[in-house]
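Data block below; observations after.
The values are calculated or read from the model by the stated rules, or taken from the named source; none is laboratory data. Only a predicted model underlies this, so the values are computations on that prediction, with no experimental measurement involved. Every residue, glycine as well, gets a Cβ built from its backbone with ideal geometry; the counts of neighbours run over all protein chains shown.
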Amino acid sequence: MRIMLFHGEQSIADLADNIYACLSSKTHAVAEAALLKANPELKEIGSLKPGAILKVPMISGISFKADRNHADPIEQVGAALIRSLESYRSQLVDAVTEEGKKLDDEARLLEDTEFKRQIEGEDEGELRALCAAARHGLVGRAKKLKNFKNAMSGVVDQLAGELGKFSR
């Protein structure tokens, strides 16, 4: 069963006209009865405030209008959240790629021929040891960055999959 937001219709007949397509007089009565059965509060439709949530029953032989104004709010929210997750994924990939480039630049600096030549001339390896520690740290940071990217991608995929169940 779908749900929708009440838009202030003045009668159950108007509501049925806005939701269901191609209603004959017979199917109109069926649609009104189904709406009333699913939403007893429609007996006093004049007291309903716009924005109230209504149940919209599926009725055999009667189709919904293609009008997006009455689309299932759960589907709409799910689709919006999936779009937000896709945007977040894109931002995450961009940020991880940028950080990876910075790590590569730092590693290249440590491997620069001129830099290595200057280190070789230094006193008994203190600077060399510091550079080796920096290289080791860069490797560790690169691994952590890759693990972070994979973990976050997995979380985003899982969330999108779960949301997709509600927006189909």
ask   = If the Cβ limit is 8 Å and pairs must be 6+ apart or interchain, which residue in the stretch 87-103 that is more than 16 Å from Ala151 (Cβ to Cβ) pairs with which residue that is at pLDDT 90 or above and part of a helix (DSSP H, G or I)?
value = Leu103/Leu138; Leu103/Arg141; Leu103/Ala142; Leu103/Leu145
ask   = So is Leu36 part of a helix (DSSP H, G or I), surrounded by 10 or more Cβ atoms within 10 Å (Cβ to Cβ) and at pLDDT 90 or above or not?
value = yes
query = Can you name the residue in the stretch 1-20 that is modelled with pLDDT of 90 or more and hydrophobic (A, V, I, L, M, F, W, C) and, of all such residues, is farthest from Ser47 (Cα to Cα)?
reply = Ile19
task = Please indicate, with yes or no, whether at least one residue in the stretch 132-154 is closer than 30 Å to Glu75 by Cβ, touching a helix residue (DSSP H, G or I) at 6+ places or on another chain (Cβ under 9 Å) and among the aliphatic types (A, V, I, L, M).
result = yes
key: Qualifying positions in the stretch 120-140 - modelled with pLDDT under 75, at negative phi and surrounded by 12 or more Cβ atoms within 10 Å (Cβ to Cβ)   = Glu122
